[in-house]
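Peer 1: Supplied in structure tokens, the structure appears directly below.
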Amino acid sequence: MSLKAQKILKANISPIFEKVRDKVYATFPKETVRFLKKEVDRFENPLGYRLEEGLKGLITELAGDFSWEKVDYFLDRIIRIEAVQSRQPSEALAFLYYLKSAVREVVGEEILEDLGPEALLEVEDRIDAMLLRAFNHYMAAREKLHELRIEEWKSRLYLLLKRAGYLYDVREGSLPPEAGNTEKTH
Amino acid sequence: MALPKRDELLKDVNYDRMPSKHWMDTKPEFRPGTYCYAAEPSVVEDLGLPNPRKWQPHDEDWKLPPNWKEIVLNAIKDRMERFRSFKLFMDICVRCGACADKCHFFLGTGDPKNMPVLRAELMRSVVKGEFTRSGKIFGRLAGARPLTYDVIKEWFYYYYQCTECRRCSVFCPYGIDTAEITILAREILHEIGVNIDWILKPVRFSAFVGNHIGLQPHTIQENIEFLLDDIEEITGIRPEVPINKKGAEILFVTPSADFFADPGIYTFMGYVLLFHYLGLDWTLSTYASEGGNFGLFTSHEMMRKLHAKIYHEAERLKVKWILGGECGHMWRVVHQYEDTALGPAPKNLEVPKSPITGTVFEHAKSTKIVHICEFTADLIAHGKLNLDPSRNDHLIVTFHDSCNTSRGMGIFEEPRFILRHVCNNFYEMPENTIREKTFCCGSGSGLNTDEYMEMRMRGGFPRANAVEYVHEKYGVNRMACICAIDRAVLPTLMKYWVPEVSISGVHELVGNALVIPGEKKRTTDLRFEPLKGVEEEA
Ligand code: SF4
Ligand code: SF4
């Protein structure tokens with residue numbers, strides 16, 4: 001489902017991306033930003049690579065056909081990183097707030113003038129919807145983190161628990177295989 | 001129409017922008033998930049270490065001894081005299097920045113103090129500020145600062161955000177090894193009772209009982225019997241596992257997690273099947289039942305104390321040589337310190353010689369300890385093993401070089417050679433993330449505790465990122481490794497970042513592939529997971 005402002009957005013993917021990237025990077029220390037922006041191998045700069053890939057992906061979806069499947073994919077990849085950066089939830093999800101600012105700053109006036117307020121509201125509503133959806137990803141990542149703390153203890157003492165008959169999980173057949181796979185439920 | 005500027009609003013919604021202060025003016029914030037708990041006083045006391053007391057890193061007052069500053073300065077002086085490397089590292093860095101972006105903690109956290117150059121600078125600046133004239137006079141201009149209470153807190157925070165993995169040293173033109181600086185920084189902090197529970201408890205259990213969680217001999221035996229039941233069910237064979245057998249030819253030492261933790265136990269099943277196949281004359285010791293040596297993360301003396309048990313047992317049981325299992329830092333200890341600080345080996349030990357192939361392991365002439373991958377690779381090279389790699393066809397495998405076995409001892413080829421013979425699908429991760437450039441699991445050097453989970457997920461991110469790549473490109477669903485900490489922490493790391501990939505030791509895959517005379521037709525692997533093709537047949 002595309003937006004009325006699609007054409008304007010499409011023509012401005014790069015400037016919007018650069019603006020939002022700079023806003024997100026401003027939340028990192030100066031010395032780090034220099035590195036994050038370096039054009040290096042995706043394996044040697046995984047943080048920069050993933051953040052940029054995700055932001056670019058989201059903007060492209062916004063300007064294009066907007067499939068939730070793809071949007072979720074990119075949201076998840078960014079948020080999994082943000083969720084373990086010891087930031088407040090509001091800080092972790094601020095990148096979407098910045099996306100809205102960036103769109104407004106780069107093409108806001110143009111959309112208003114050419115297509116009227118409705119078209120701009122439509123774009124902003126989309127980003128709001130993403131932000132709402134982002135909570136699911138954030139919660140899922142944090143819950144996963146806590147689940148892993150418990151899981152790891154079980155694995156660490158696996159045989160002792162098993163011998164005592166204390167294991168109630170997929171490995172023991174006490175739960176169906178699907179129950180173990182809480183991945184990608186969001 | 002002027003649109004409102006939104007970003008100003010953020011000031012009201014709990015949003016901290018990064019401060020742009022000088023690094024000497026920023027203080028660490030002890031947020032849950034980013035630090036490990038302090039050691040319990042009883043543990044510190046049992047080990048005879050200084051300043052046992054109740055405290056936590058998030059406390060304002062760490063209850064340091066009144067003369068803490070004097071103790072620390074003396075400790076630094078002492079280490080500078082004893083360790084030439086340390087003295088050199090405090091001096092020669094030219095700040096070229098080659099190491100700056102090579103640390104997985106920097107790559108995963110974006111915190112500049114996790115750049116190895118800055119991590120070392122945390123100590124170097126104090127050495128300058130306290131011991132040099134120019135540092136005392138010019139202070140910050142000369143990169144110097146005095147030792148303060150806050151510096152101690154900062155050291156604790158960042159020297160426990162280094163896994164002593166040595167990746168940075170590979171890129172340093174001067175060979176500066178920040179891991180060595182971390183090792184000594186932690187040792188120095190121990191002198192004023194600044195320590196973590198997750199390291200000292202295993203040290204205590206290893207010292208008093210023989211392994212990290214204090215398994216008693218009968219528990220070890222019962223666990224092994226349980227595993228033998230499983231082996232029998234899967235293969236129809238029940239191998240013998242000799243325990244504390246005097247006069248055996250070989251003492252086998254492996255991380256204790258292989259006796260009870262998932263997935264270490266499957267690796268253990270692999271060893272046992274291999275030894276049975278060979279008819280090896282071997283034994284386990286319940287007293288030296290730990291390959292791991294958390295003494296390495298405590299002090300040189302503690303490392304020596306824990307390691308001595310292995311040699312004592314080799315002497316008591318009158319074995320000829322020692323075979324070591326798939327462990328990480330055990331091998332760092334053996335390779336780096338055995339010939340110097342920890343030796344000499346007891347007199348009854350002989351130069352290790354494979355009873356099957358006759359190969360003499362010359363490189364272990366003085367330590368008398370051979371790595372199981374060297375042993376097995378030698379068997380395969382001599383055509384001594386009947387292997388059916390198709391039994392691992394349900395797995396698409398990659399290999400993670402553990403920091404300690406790769407950069408700490410240089411074992412790259414043997415595990416790969418074995419994997420290529422025991423499975424048909426093997427794919428390497430990108431070149432700049434393996435072998436000597438491997439990325440750490442993010443939980444090594446005693447940081448594999450659950451309260452530290454968030455930081456571990458960050459530190460392990462560069463590793464996981466490369467795994468994800470081979471998962472997507474080749475369908476990799478299993479990562480093999482030769483380290484018990486890896487086997488403990490990589491499953492967790494994978495479940496967060498790449499849940500489709502599971503973890504195993506190399507010898508688990510050997511155990512799957514080994515065709516043993518007299519065994520029944522196998523339908524599952526050692527985890528009771530169906531072999532490829534079996535489900536369809538059934
Ligand atoms: S040894 Fe490893 S963890 Fe420590 S600073 Fe170097 S790269 Fe980072
Ligand atoms: S690479 Fe070596 S010399 Fe260069 S900044 Fe790092 S530690 Fe210093």
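The values are calculated or read from the model by the stated rules, or taken from the named source; none is laboratory data. None of these values were measured; they are calculated from a predicted model. Methodologically, a virtual Cβ is constructed for each residue, glycine included, from the backbone with ideal geometry; neighbour enumeration extends over all protein chains shown. Just so you know, the surface numbers come from the protein's heavy atoms only, side chains and all, with ligands and any DNA or RNA stripped out. Shrake-Rupley method; radii C 1.70, N 1.55, O 1.52, S 1.80 Å.
Peer 1: Hey, if you put +1 on the Cβ of every Lys and Arg and -1 on every Asp and Glu Cβ in chain B, which of B:A100, B:P346, B:A484 ends up farthest toward the positive end of that dipole?
Peer 2: B:A100
Peer 1: Right, here's the next one. Please work out the C-alpha center-to-center distance from the stretch B:217-293 to the stretch B:77-122 and express it in whole Å.
Peer 2: Using only Cα atoms to place each centre, the spacing works out to 41 Å.
Peer 1: Then there is this: Hey, what did chain A get for relative contact order, percent, Cα under 8 Å, at least 6 apart?
Peer 2: 26 percent
Peer 1: Name the residue, out of A:N45, A:N136, A:N12, whose mean-square fluctuation peaks in a Gaussian network model built on chain A with Cα pairs under 10 Å.
Peer 2: Taking springs between Cα atoms under 10 Å, the residue moving most is A:N45.
Peer 1: Here's a follow-up. Students often forget the sequence filter, so: which lysines lie under 27 Å Cα-Cα from B:K87 once same-chain residues fewer than 8 apart are removed?
Peer 2: Those lysines meeting the cut-off are B:K27, B:K69, B:K77, B:K102, B:K113, B:K128, B:K136, B:K153, B:K305, B:K437.
Peer 1: When we measure straight from the Cα of B:K532, which lysines land under 16 angstrom away, once same-chain ones fewer than 8 places off are left out?
Peer 2: The reachable lysines, counting only those whose Cα sits under 16 Å from B:K532, are B:K521.
Peer 1: Okay, next question. Which cysteines in chain B lack any other cysteine whose Cβ sits under 4.7 Å from their own Cβ?
Peer 2: Result for chain B is B:C36, B:C93, B:C96, B:C103, B:C162, B:C172, B:C327, B:C373, B:C423, B:C441, B:C481, B:C483, no neighbouring Cys Cβ within the cutoff.
Peer 1: Another question, if that's okay. Please give the average number of partner chain Cβ atoms lying within 10 Å of the Cβ of each residue in A:97-110, rounded to a whole number. Intermediate values should be presented prior to the final figure.
Peer 2: Details: counts 6, 3, 0, 2, 8, 2, 0, 5, 4, 0, 0, 4, 3, 0.
Across the residues of A:97-110, the mean count of other-chain Cβ atoms within 10 Å is 3.
Peer 1: Counting protein heavy atoms only and a 1.4 angstrom probe, how many square angstrom of accessible surface do chains A and B bury in total, to the nearest 100?
Peer 2: So the total buried area for this chain pair works out to about 6000 Å².
Peer 1: Please give every one of the aspartates and glutamates within straight-line cross-link reach of B:K309, meaning a C-alpha to C-alpha distance under 17 Å, and leave out same-chain neighbours fewer than 8 residues apart.
Peer 2: Counting by Cα, and skipping residues close in sequence, B:K309 has these aspartates and glutamates nearby: B:E290, B:E301, B:E338, B:D339.
Peer 1: If you take the charge dipole of the protein assembly as shown about its Cα centre, with +1 on Lys and Arg Cβ and -1 on Asp and Glu Cβ, which of B:T376, B:A144, A:T60 is farthest toward its positive end?
Peer 2: So the residue we want is B:A144.
Peer 1: Roughly how big is the protein assembly as shown's charge dipole about its Cα centre, with Cβ charges of +1 (Lys, Arg) and -1 (Asp, Glu), in debye to the nearest 20? Provide the component values of the computation, followed by the final result.
Peer 2: Values: 95 positive and 105 negative charges, 474 e Å.
Charge dipole of the protein assembly as shown: 2280 debye, to the nearest 20.
Peer 1: Compute, for the stretch B:203-534, the length of the dipole vector about the Cα centre, with Cβ point charges of +1 (Lys, Arg) and -1 (Asp, Glu) only. Units Debye, rounded to 20.
Peer 2: Numbers: 34 positive and 41 negative charges, 116 e Å.
Here the stretch B:203-534 has a charge dipole of around 560 debye.
Peer 1: Around A:E44, with a cut-off of 10 angstrom between Cβ atoms, what is the net charge of the other residues, counting Lys and Arg +1 and Asp and Glu -1?
Peer 2: Summing Lys/Arg as +1 and Asp/Glu as -1 gives +2.
Peer 1: Here is a follow-up. Just to confirm my numbers, what's the Cα centroid distance between the stretch A:18-71 and the stretch B:315-354 in Å?
Peer 2: 49 Å
Peer 1: Out of B:H190, B:L296, B:T163, whose Cα points farthest toward the positive end of the dipole of chain B (charges: +1 Lys, Arg; -1 Asp, Glu; placed on Cβ)?
Peer 2: About the Cα centre, the residue reaching furthest to the positive side is B:H190.
Peer 1: Just checking the output field for B:451-463: average partner chain Cβ neighbours within 10 Å of each residue's Cβ?
Peer 2: Counting other chains' Cβ atoms within 10 Å and averaging over B:451-463 gives 4.
Peer 1: Can you tell me the accessible area per residue over the protein assembly as shown, all protein chains present, probe 1.4 angstrom, in square angstrom?
Peer 2: Counting only protein heavy atoms, the per-residue value for the protein assembly as shown is 39 Å².
Peer 1: Ignoring ligands, DNA and RNA, what percent of the 1.4 Å accessible area of the stretch A:6-185 is carbon and sulfur?
Peer 2: Numbers: 4440 of 8290 Å².
Exposed carbon and sulfur together represent 53 percent of the surface.
Peer 1: Roughly how much of A:F66 is accessible, in Å² to the nearest 10, using a 1.4 Å probe?
Peer 2: Its heavy atoms expose roughly 20 Å² to the probe.
Peer 1: Follow-up question, since we're still on this one. Determine the order of B:Y159, B:Y469, B:Y174 by accessible area, beginning with the largest, at a probe radius of 1.4 Å.
Peer 2: B:Y174, B:Y469, B:Y159
Peer 1: Once you average over the residues of B:523-534, how many Cβ atoms of partner chains fall within 10 Å of each Cβ?
Peer 2: 0
Peer 1: On the protein heavy atoms, probe 1.4 angstrom, tell me the percent of accessible surface of the stretch B:50-194 carried by carbon and sulfur.
Peer 2: Answer for the stretch B:50-194 is 56 percent, counting heavy atoms of protein chains only.
Peer 1: In addition: Can you order the peptides A:20-26, B:243-249 by their average number of other Cβ atoms within 10 Å per residue, highest first? Mind showing how you got there, number by number?
Peer 2: Details: A:20-26: 19.3, B:243-249: 15.3.
So the peptides A:20-26, B:243-249, ranked by packing, come out A:20-26, B:243-249.
Peer 1: Pop out the ³J(HN,Hα) list for the stretch B:358-371 in order, Karplus 6.51 cos²θ - 1.76 cosθ + 1.60 with θ = phi - 60°, rounded to Hz; leave Gly and Pro as x.
Peer 2: Couplings: x, 5, 9, 8, 4, 5, 9, 3, 9, 7, 6, 10, 10, 7 Hz.
Peer 1: Over the stretch B:326-390, what relative contact order in percent results from Cα pairs under 8 Å that are six or more residues apart?
Peer 2: Numbers: 50 pairs, mean separation 18.4, N = 65.
It comes to 28 percent, rounded to a whole number.
Peer 1: Determine the relative contact order of chain B: mean sequence separation of Cα pairs under 8 Å and six or more apart, normalised by residue count, in whole percent.
Peer 2: Averaging sequence separation for qualifying contacts and normalising by length gives 16 percent for chain B.
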